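J.: Got a structure for you, questions after.
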Ligand SMILES: Cc1cc2nc3c(=O)[nH]c(=O)nc-3n(C[C@H](O)[C@H](O)[C@H](O)COP(=O)(O)OP(=O)(O)OC[C@H]3O[C@@H](n4cnc5c(N)ncnc54)[C@H](O)[C@@H]3O)c2cc1C
């Protein structure tokens, strides 16, 4: 028999990634009584591969292997995938949202003023990224520094740990917004896995959650699902509010890597990834430097069958080729599967060719490409389809605010867009 809490909230927010943390912060700042329920834990980020593996490499929880052996990852922890992401910021495409009656400009304006968001100073652009940038520019590519959600004063050169969870407070994560929400009185319960939404008389009235070994029912006037591109459609299905398994995009990536013999670096192989890059928006292809921690590099080399390159990490330049894939595949309750469409393969073919050209220009040899992998599941409960432009589902009182609601194939860093959607929803709900 579930335990029923006597406390009632104005809003329950399920998940604390960028979408959930942003809406919770906005609601709490405006005086709403907010409960945040997060499946992961709030242990301080240590920047260790072991801690990262616990958040994002447990099969079926943070990591999903598709039928074609490609990998999809998300992080189950306070702050969601922002805890381990690469901190690259990009604004939402205005036309995509304007077509659905959504103007994110006001929210973006405020966010830009309060978030750390700028290109890295040259002192923090690693030697590998700098060498790739030089080679790309020699080929007349429009290769520019990217906006990073990083506080340069706290960031250390020769360090790679932001990708495992920055322990120095240099990288912005959604934990920053969770902390602000809590300062405004919001309540956080970690290790709280929501199982389903409770509906009475056709309206969402609460959730059932597994917390500390017990099942609890928690009630609120508004329920916001922000469990991410995989978690939110699963919750709707578990609540019998979604007729069939959701399809999704994942913005898959291939890493193209090659070794050089003359790298001048104090800490070779240790730098902030995605310091600079170029986009071919029309084609849905984006490229950026991608220096990975040694263990991740070796995993990709092994997967590509390049045992001969396992020891080459300190000398290997990497370029990420990311594509805007079509919406497809299925999110089941116990599995997630998506394979590439022929047009997705064609994009990879073109992007990998450009990346090879840059690496050759940079003097790299033994160039090889990894199998594709992905980290941006979204578009699974799209605006105009499963939610309206106010992010409300067909069930009154039930909203979705995370990467699920992105209405079209994407191919961009989603975080800033989700923060803006969360801010806008928080304002509307109050
Ligand atoms: C390696 C990597 C690199 C990336 N690099 C970038 C980048 O450079 N720039 C960028 O913009 N984006 C990047 N991303 C993607 C970005 O981090 C995600 O798109 C973003 O975090 C998605 O936010 P969200 O709010 O949709 O959900 P998530 O961040 O997925 O958060 C969802 C939260 O819900 C919780 N949850 C799930 N199910 C339940 C449940 N049943 N009950 C309670 N809680 C639940 C999860 O634990 C999680 O905390 C990267 C991602 C990864 C993994």
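J.: From the list 370, 404, exactly one residue is in contact with a helix residue (DSSP H, G or I) (Cβ under 6 Å, 6 or more places away or on another chain) and in the same structural domain as residue 12 (by TED's automatic domain parsing). Which is it?
T.: Sole residue among the options that is in contact with a helix residue (DSSP H, G or I) (Cβ under 6 Å, 6 or more places away or on another chain) and in the same structural domain as residue 12 (by TED's automatic domain parsing): 404.
J.: Now for a different question. Please go through region 248-279 and pick out each residue that is farther than 15 Å from residue 374 by Cα, touching a residue at least 24 places away in the same chain (Cβ under 8 Å) and not in a loop (DSSP other than H, G, I, E, B).
T.: Scanning region 248-279 gives 257, 258, 259, 276, 277, 278.
J.: Wholly within region 179-228, which strands (runs of 3 or more DSSP E) include no fewer than the required count, namely at least 2 residues that are within 14 Å of the ligand (Cβ to nearest atom), surrounded by fewer than 23 Cβ atoms within 10 Å (Cβ to Cβ) and more than 28 Å from the chain's Cα centre (by Cα)?
T.: Correct list: 214-225.
J.: Which one of these is over 17 Å from the mean Cα position of the chain (by Cα) and either free of Cβ contacts under 8 Å to residues at least 24 places away in the same chain or under 30 Å from residue 266 (Cβ atoms) (or both): 100, 131?
T.: Exactly one of 100, 131 is over 17 Å from the mean Cα position of the chain (by Cα) and either free of Cβ contacts under 8 Å to residues at least 24 places away in the same chain or under 30 Å from residue 266 (Cβ atoms) (or both), namely 131.
J.: Residue 229 fails exactly one of the following numbered conditions: (1) in the same structural domain as residue 128 (by TED's automatic domain parsing); (2) in contact with a strand residue (DSSP E or B) (Cβ under 7 Å, 6 or more places away or on another chain); (3) closer than 27 Å to residue 147 by Cβ. What is the number of that condition?
T.: (1)
J.: May I pose another question? Which one is farthest from residue 158 (Cα to Cα), of the residues in region 112-130 that are surrounded by 19 or more Cβ atoms within 10 Å (Cβ to Cβ) and in contact with a helix residue (DSSP H, G or I) (Cβ under 7 Å, 6 or more places away or on another chain)?
T.: 120
J.: Among the numbered criteria (1) buried (at least 17 other Cβ atoms within 10 Å of the Cβ); (2) within 13 Å of the ligand (Cβ to nearest atom); (3) within 25 Å of residue 337 (Cα to Cα), which one does residue 285 miss?
T.: Of everything listed in (1) buried (at least 17 other Cβ atoms within 10 Å of the Cβ); (2) within 13 Å of the ligand (Cβ to nearest atom); (3) within 25 Å of residue 337 (Cα to Cα), residue 285 misses just condition (2).
J.: Output the strands (runs of 3 or more DSSP E) that fall wholly within region 310-414 and possess 2 or more residues being modelled with pLDDT under 95, under 19 Å from the mean Cα position of the chain (by Cα) and buried (at least 16 other Cβ atoms within 10 Å of the Cβ), or say none.
T.: Where strands (runs of 3 or more DSSP E) fall fully within region 310-414, none carries at least 2 residues being modelled with pLDDT under 95, under 19 Å from the mean Cα position of the chain (by Cα) and buried (at least 16 other Cβ atoms within 10 Å of the Cβ).
J.: Quick check on my filter: what residues within region 229-247 are in a strand (DSSP E or B) and either within 17 Å of the chain's Cα centre (by Cα) or surrounded by fewer than 24 Cβ atoms within 10 Å (Cβ to Cβ) (or both)?
T.: If the condition is that a residue be in a strand (DSSP E or B) and either within 17 Å of the chain's Cα centre (by Cα) or surrounded by fewer than 24 Cβ atoms within 10 Å (Cβ to Cβ) (or both), then 247 is the only one that fits.
J.: While we're looking at this one, here's another question. Answer yes or no as to whether residue 374 is closer than 24 Å to residue 326 by Cβ, within 16 Å of the ligand (Cβ to nearest atom) and touching a residue at least 12 places away in the same chain (Cβ under 8 Å).
T.: Here the answer is yes, as residue 374 does meet what is asked.
J.: Let me ask something else. Determine which single condition residue 232 fails, assuming it passes every other condition in (1) at pLDDT below 95; (2) within 16 Å of the ligand (Cβ to nearest atom).
T.: The single condition residue 232 does not satisfy is (1).
J.: If you don't mind, another one. Of the residues 42, 56, 63, which single one is over 26 Å from residue 332 (Cβ atoms) and either within 12 Å of the ligand (Cβ to nearest atom) or buried (at least 21 other Cβ atoms within 10 Å of the Cβ) (or both)?
T.: The unique qualifying residue is 42.
J.: Shifting gears a bit: On the basis of being over 18 Å from residue 162 (Cβ atoms) and within 14 Å of the ligand (Cβ to nearest atom), does residue 93 make the cut?
T.: Judged against the criteria, residue 93 is a match.
The values are calculated or read from the model by the stated rules, or taken from the named source; none is laboratory data. Please read these numbers as outputs of a predicted model, since none were measured by experiment. Backbone-built Cβ (ideal geometry, glycine too); neighbour counts: all protein chains shown.
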